[in-house]
Amino acid sequence: MNRVFIAILFSFISTAALAQVSGFQRSSLSKPVAQDTTLSYLNPKEYIIGDVTISGAKYLDKDVLLQISKLNKGDRITLPGEQNANVVKDLYKQGLFDDVQFNIKRINMDTVFIELAVTERPRLSRLKMTGIRKGEIEDINKKLADKTGKIVNENLLSTTTAIIKKHFNEKGYLNTTVNITQTKDPGDPNSIILDVAIDKKQKVKINSVDFEGNTAFSDSKLRKFLKDTREKKFWHIFGSKKFKQEKYEEDKVLLVQKMQEKGYRDAQVVSDTVTPHDDKTVDVKIKVYEGRKYYFGNVKFSGNARFSTDFLTRVLQIEKGAPFSEEELNKRLSGPTPANDDVSSFYLNDGYLTFTADPVQTRIYGDTIDLDVRIYEGPQYTINRVILKGNDVTNDKVVMREIRTKPGQKFNKELLIRSAREIGQLGNFDEQKTEPRPTNLNPADGTVDLVYNVVEKPSDQIELSGGFGGGQLVGTLGLTFNNFSLRNIFNLKAYKPLPKGDGQKLSLRGQSSGRTYQNFSFTFSEPWLGGKKPIYFALSAYTQGSSTGQYYPKTSPYYNNLRINGVGVTLGKRLNWPDNYFQLNYSLNFDHYNLDNYSGYLFNNGTSYNIKLTQELSRNSIDVPIYPTSGSNIKLTLQGTPPYSLFNNINYGIATPEERYHFVEYYKWKFDAQWFQRISGKLVLMTQARFGYLGSYNKKVGQSPFERFKLGGDGMQSYQFLQGTDIIGLRGYENFSIVPEGSRLTANTNQGNAIYDKFTMELRHPVIASQSATIFLLAFAEGGNVWDNMNQFNPFNVRRSVGFGARIFLPIFGLLGLDYGYGFDRLPNQIGANGGHFHFTISQSLSGGFN
């Protein structure tokens with residue numbers, strides 16, 4: 001009885017399987033399936049494949065599906081059997097189908113015709129994200145752009161979820177949740193829209209960072225080694241307190257490096273854990289192995305011929321018994337060092353371009369390591385060609401004359417770096433993308449080519465502004481063309497909008513409030529007069545006037561008029577001593593003042609002439625002009641007029657003001673200095689000191705009514721009638737409000753002062769540094785004061801202020817600044833002159849300028 005039941009059951013299963021595989025139902029052509037024999041699993045037969053067709057494939061390549069099936073016309077197949085089951089299994093494994101059927105269309109004697117009917121899985125038409133901002137959606141869409149059009153399966157869903165979570169984890173959102181639901185696309189029945197609901201939660205910060213296994217290093221010391229993994233403490237001003245897995249992994253590597261720098265060469269991270277402290281913070285625990293501390297033993301050199309062992313030992317600056325540090329060793333061998341005084345620099349500056357130094361640990365005994373520094377000097381290379389690429393606007397000669405590596409010279413790394421700096425100082429190229437590169441090394445004849453790759457950037461600037469000054473609205477329009485070409489002034493084809501490419505500078509500026517006040521100026525400069533030597537030439541002219549004539553006749557006591565005209569010429573040259581960062585300029589200027597009932601100065605009526613000769617000695621070694629990170633900018637200026645009182649036979653005891661100041665006489669000293677120092681990473685400290693003194697040749701003549709110093713405020717000229725006055729900013733105070741002790745500032749009485757000093761400390765950190773824009777934040781503390789004579793002068797009695805601000809450099813507008821300063825010291829008889837003040841600046845501090 002049991003045998004009969006088993007036989008009937010087996011027959012039923014065979015018949016059902018045959019109906020699924022061989023298809024007694026109708027085919028896709030709705031014709032009866034012709035069969036010449038009965039198919040049965042109890043009696044399988046061998047057939048020749050007559051043809052194989054694919055149905056239901058809309059997007060997939062049918063030829064590829066046939067290859068996957070391994071069914072070929074003319075092959076033999078046993079039906080029913082294992083082979084037809086494997087065909088269905090192989091196609092399912094691709095993850096591309098919701099259904100696969102192996103159908104027999106017909107059998108003709110010993111030939112079988114097969115149909116593979118597939119139902120493709122739906123594809124992703126688009127992602128619809130909710131729960132996050134528009135900008136965040138755009139960022140994620142960029143990362144998931146390759147998912148559109150792909151088949152929606154578990155792999156796609158999990159990958160999409162992982163990418164979104166990783167995106168937000170990197171930003172500190174460790175608890176982000178992603179919920180994905182599928183919706184049919186009404187525009188395409190075989191497509192799916194994924195509705196992605198994202199909940200970032202809150203950013204996760206670091207509650208604590210603790211260490212285990214450390215004895216030589218304290219926990220606080222190890223925490224300092226971590227750059228981006230910082231505890232949530234109020235004194236951690238710089239560095240993120242958010243937990244970011246990628247930064248954390250980098251910090252663990254840095255931690256080991258720092259421990260090894262101190263001599264613990266076997267140091268390693270044994271294990272670490274990151275556990276939730278609460279919903280907003282995590283606790284980090286790192287177990288370290290310090291190992292023993294190692295020290296440098298004997299260090300010898302081998303393979304060196306150009307420099308002696310004694311010389312290289314002095315350059316290496318590693319003493320026996322010093323803590324062993326591979327990083328310090330490599331830095332002293334291959335750089336970079338702040339002074340470029342590593343071993344490689346001496347070789348590379350002498351032409352040994354292929355120099356290498358390999359420190360080999362020859363002996364380790366106890367805690368001491370002996371080294372053999374194996375030198376490969378290679379041949380000395382001479383520069384064959386200097387090639388310039390990327391200067392689409394600037395003429396070759398403008399750049400090539402700044403390049404200090406010349407054909408025929410030995411290769412010199414220092415000159416290569418200096419050349420890149422000089423190209424950046426032109427202001428026409430992106431400093432970060434100036435790339436000097438040796439190429440075409442030929443060891444046979446010891447020659448090398450140098451390629452300077454540069455990227456042009458916009459350098460012309462426009463100033464368009466309006467503001468209140470002197471109780472009226474003043475408009476300003478300024479145009480500065482920093483890459484002007486005078487020789488193409490008559491070449492109409494070169495106007496774009498003006499001829500460019502020769503590195504000259506043309507500046508035009510106008511300021512007016514209508515007929516009441518006008519100021520127009522012109523400046524042209526050529527850094528290489530004649531084109532062969534770096535002789536600086538500049539020509540300037542201006543006219544400036546103020547009048548109430550449109551309101552009052554000349555006979556009115558309210559009538560006043562001031563007109564100032566001036567021209568100037570400057571010649572300068574670069575110096576090679578004390579070093580080649582120095583520049584010496586001489587300027588001759590002629591200013592003509594005409595005052596008609598104009599009050600507020602030492603005389604109200606008359607004509608005055610100011611003929612002055614200025615000598616300026618400067619040294620500028622900053623690395624880049626917009627955001628300097630190293631170097632200094634120092635300037636000493638001596639200005640003077642002829643001592644007219646020594647030979648004009650005027651009795652100044654009884655002379656009228658008009659006679660006394662007809663020819664202005666004075667001498668003037670100014671000292672300005674800035675230093676830039678990288679503190680950590682991109683954080684830079686700028687320190688500045690400024691001093692000015694206006695003296696007189698003859699006590700009977702007294703001080704000059706012009707060329708004085710005004711201190712306070714934003715440091716911009718703004719609405720100033722008196723050309724030649726030095727305007728010095730002091731944030732946290734109103735413009736020009738700083739006056740000597742005992743003085744009182746009233747309208748039209750601040751003529752300026754004879755002596756000033758100012759000291760500044762400023763921390764700077766960049767936010768954006770690119771060709772199109774540079775933005776950096778700053779915090780400052782500064783102090784300054786003014787005096788009328790040396791008897792009053794006390795350099796440390798200064799008006800103090802602190803504050804913060806930002807600078808934005810846009811090529812077309814120059815450097816824009818916004819500061820908030822708080823002045824601590826009250827000014828006599830000036831309510832509100834100190835305290836909190838906002839200050840706006842424009843086109844200040846370019847090329848390391850002073851403010």
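The values are calculated or read from the model by the stated rules, or taken from the named source; none is laboratory data. Please read these numbers as outputs of a predicted model, since none were measured by experiment. Cβ: placed from backbone, ideal geometry, glycine included. Neighbour counts: every protein chain shown.
In region 280-320, what residues are part of a loop (DSSP other than H, G, I, E, B), over 22 Å from Gly263 (Cβ atoms) and charged (D, E, K, R)? Walk me through how you get there before you give the answer.
Filtering region 280-320 for residues part of a loop (DSSP other than H, G, I, E, B) gives 280, 290-294, 303-308, 317-320.
Right, trim to over 22 Å from Gly263 (Cβ atoms) and you get 280, 303-308.
Of everything in region 280-320, those that are part of a loop (DSSP other than H, G, I, E, B), over 22 Å from Gly263 (Cβ atoms) and charged (D, E, K, R) turn out to be Lys280, Arg306.
Among residues belonging to region 499-544 that are surrounded by fewer than 17 Cβ atoms within 10 Å (Cβ to Cβ) and at positive phi, point out the one that is modelled with the highest pLDDT.
Of everything passing the filter in region 499-544, Gly530 is modelled with the highest pLDDT.
Considering region 57-95 alone, what residues qualify as being in a loop (DSSP other than H, G, I, E, B), within 19 Å of Asn153 (Cβ to Cβ) and modelled with pLDDT of 80 or more? Even if it seems obvious, please write down each step before you answer.
Filtering region 57-95 for residues in a loop (DSSP other than H, G, I, E, B) gives 57-61, 70-75, 80-81, 94-95.
Adding the requirement that they be within 19 Å of Asn153 (Cβ to Cβ) leaves 57-61, 94-95.
Selection gives Ala57 alone.
Restricting the search to region 170-190, which residues are farther than 15 Å from Gln245 by Cα and crowded, with 17+ Cβ neighbours inside 10 Å? Please lay out each step first, then the result.
Quick first cut of region 170-190, residues farther than 15 Å from Gln245 by Cα only: 177-190.
Listed by number, the residues that qualify are Val178, Ile180.
Report whether or not Leu124 is within 55 Å of the chain's Cα centre (by Cα), buried (at least 19 other Cβ atoms within 10 Å of the Cβ) and at pLDDT 85 or above. It would help to see each step written out before you state the result.
Values: within 55 Å of the chain's Cα centre (by Cα): yes; buried (at least 19 other Cβ atoms within 10 Å of the Cβ): yes; at pLDDT 85 or above: yes.
Yes: the conditions hold for Leu124.
Test of understanding: among Phe211, Phe217, which residue is more than 19 Å from Ile163 (Cα to Cα), in contact with a strand residue (DSSP E or B) (Cβ under 7 Å, 6 or more places away or on another chain), surrounded by 14 or more Cβ atoms within 10 Å (Cβ to Cβ) and of a type outside the set (Ser, Thr, Tyr)?
Values: Phe217 fails: in contact with a strand residue (DSSP E or B) (Cβ under 7 Å, 6 or more places away or on another chain).
That would be Phe211, the only listed residue that is more than 19 Å from Ile163 (Cα to Cα), in contact with a strand residue (DSSP E or B) (Cβ under 7 Å, 6 or more places away or on another chain), surrounded by 14 or more Cβ atoms within 10 Å (Cβ to Cβ) and of a type outside the set (Ser, Thr, Tyr).
Quick check, is Glu414 more than 19 Å from the chain's Cα centre (by Cα), acidic (Asp, Glu) and surrounded by 17 or more Cβ atoms within 10 Å (Cβ to Cβ)? Walk me through it before giving the result.
Details: more than 19 Å from the chain's Cα centre (by Cα): yes; acidic (Asp, Glu): yes; surrounded by 17 or more Cβ atoms within 10 Å (Cβ to Cβ): no.
So Glu414 fails the test.
Considering only region 58-95, state which residues are surrounded by fewer than 13 Cβ atoms within 10 Å (Cβ to Cβ), under 55 Å from the mean Cα position of the chain (by Cα) and of a type in the set (Ser, Thr, Tyr).
Within region 58-95, Tyr59 is the sole residue that qualifies.
Scan region 612-635 and give yes if some residue there is in a strand (DSSP E or B), touching a residue at least 40 places away in the same chain (Cβ under 8 Å), surrounded by fewer than 17 Cβ atoms within 10 Å (Cβ to Cβ) and over 32 Å from the mean Cα position of the chain (by Cα), otherwise no.
no
Could you count how many residues in region 731-765 are among the β-branched types (Val, Ile, Thr), surrounded by fewer than 22 Cβ atoms within 10 Å (Cβ to Cβ) and at pLDDT 95 or above? Explain how you work it out, then say what you get.
Here is the first cut: in region 731-765, the ones among the β-branched types (Val, Ile, Thr) are 738-739, 746, 749, 755, 760.
Now narrow it down to the ones that are surrounded by fewer than 22 Cβ atoms within 10 Å (Cβ to Cβ): 746, 749, 760.
Now narrow it down to the ones that are at pLDDT 95 or above: 760.
Matching residues across region 731-765 total 1.
Hey, Thr476 hits all of (1) modelled with pLDDT under 95; (2) under 24 Å from Pro534 (Cβ atoms) but one; which does it fall short on?
The single condition Thr476 does not satisfy is (2).
Just to be sure, is Asn585 farther than 30 Å from Thr656 by Cα, touching a Ser or Thr at 6+ places or on another chain (Cβ under 7 Å) and part of a strand (DSSP E or B)?
Against the criterion (farther than 30 Å from Thr656 by Cα, touching a Ser or Thr at 6+ places or on another chain (Cβ under 7 Å) and part of a strand (DSSP E or B)), Asn585 qualifies.
Yes/no matrix, rows are residues, columns are (1) in contact with a strand residue (DSSP E or B) (Cβ under 6 Å, 6 or more places away or on another chain); (2) at pLDDT below 95; (3) surrounded by fewer than 16 Cβ atoms within 10 Å (Cβ to Cβ):
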| position | (1), (2), (3) |
| --- | --- |
| Asn384 | yes, no, no |
| Arg401 | no, no, no |
| Gly408 | no, no, yes |
| Asn428 | yes, yes, no |
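Tell me, yes or no, whether region 235-258 has at least one residue that is at pLDDT below 85 and of a type in the set (S, T, N, Q).
The answer is yes; a qualifying residue exists.
Which residue is surrounded by the fewest Cβ atoms within 10 Å (Cβ to Cβ), if the candidates are limited to region 638-678 and must be out of contact with any helix residue (DSSP H, G or I) (no Cβ under 9 Å at 6 or more places or on another chain) and among the aromatic types (Phe, Trp, Tyr)?
Across region 638-678, the extreme among qualifying residues is Phe647.
Rundown of residues vs (1) within 17 Å of Arg421 (Cα to Cα); (2) under 27 Å from the mean Cα position of the chain (by Cα); (3) among the acidic types (Asp, Glu); (4) in a helix (DSSP H, G or I), yes/no style:
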site: Asp370; (1), (2), (3), (4): no, no, yes, no
site: Val373; (1), (2), (3), (4): no, no, no, no
site: Arg385; (1), (2), (3), (4): no, no, no, no
site: Leu388; (1), (2), (3), (4): yes, yes, no, no
site: Val399; (1), (2), (3), (4): yes, yes, no, yes
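Among the listed residues Asp98, Asp139, which satisfies the condition of being surrounded by fewer than 16 Cβ atoms within 10 Å (Cβ to Cβ), assigned to a strand (DSSP E or B) and among the acidic types (Asp, Glu)?
On the way: Asp139 fails: assigned to a strand (DSSP E or B).
Sole residue among the options that is surrounded by fewer than 16 Cβ atoms within 10 Å (Cβ to Cβ), assigned to a strand (DSSP E or B) and among the acidic types (Asp, Glu): Asp98.
Which one is nearest to Gly631 (Cα to Cα) among residues in region 339-363 that are free of Cβ contacts under 8 Å to residues at least 12 places away in the same chain and not in a loop (DSSP other than H, G, I, E, B)? Give the steps one after another, and end with the answer.
Step one: filter region 339-363 for residues free of Cβ contacts under 8 Å to residues at least 12 places away in the same chain, giving 339, 361-362.
Add one more test, that the residue is not in a loop (DSSP other than H, G, I, E, B), and what stays is 361-362.
Working: Gln361: 37, Thr362: 40 Å.
Among residues in region 339-363 that are free of Cβ contacts under 8 Å to residues at least 12 places away in the same chain and not in a loop (DSSP other than H, G, I, E, B), the one nearest to Gly631 (Cα to Cα) is Gln361.
Somewhere in region 107-129, is a residue of a type in the set (D, E, K, R) and under 22 Å from Lys171 (Cα atoms)?
Just the residues of region 107-129 that are of a type in the set (D, E, K, R), to begin with: 110, 115, 120-121, 123, 126, 128.
Next cut, under 22 Å from Lys171 (Cα atoms) only: 128.
Yes, region 107-129 has at least one match.
Hey, does region 689-706 have a residue that's surrounded by fewer than 19 Cβ atoms within 10 Å (Cβ to Cβ) and within 31 Å of the chain's Cα centre (by Cα)?
Looking through region 689-706, at least one residue is surrounded by fewer than 19 Cβ atoms within 10 Å (Cβ to Cβ) and within 31 Å of the chain's Cα centre (by Cα).
Could you check, for region 394-416, whether at least one of its residues is at positive phi and touching a Pro at 6+ places or on another chain (Cβ under 8 Å)?
Taking region 394-416 first, the residues at positive phi are 408.
Narrowing the set further to residues that are touching a Pro at 6+ places or on another chain (Cβ under 8 Å) leaves none.
No, region 394-416 has no match at all.
Starting from residues that are part of a strand (DSSP E or B) and touching a Lys or Arg at 6+ places or on another chain (Cβ under 7 Å), keep the ones in region 636-646 and report whichever is farthest from Gln677 (Cα to Cα). First the steps, then the outcome.
Keep residues of region 636-646 that are part of a strand (DSSP E or B), which gives 636-640.
Those still in the list that are touching a Lys or Arg at 6+ places or on another chain (Cβ under 7 Å) too: 637, 639-640.
Values: Thr637: 25, Gln639: 31, Gly640: 34 Å.
Of everything passing the filter in region 636-646, Gly640 is farthest from Gln677 (Cα to Cα).
Mind telling me which of the residues Leu174, Leu144 ends up being in contact (Cβ under 8 Å) with a residue 60 or more places away in the chain and either outside the structural domain of Asp98 (by TED's automatic domain parsing) or at positive phi (or both)? Show your work before the answer.
Numbers: Leu144 fails: in contact (Cβ under 8 Å) with a residue 60 or more places away in the chain.
When all the criteria are applied, what remains is Leu174.
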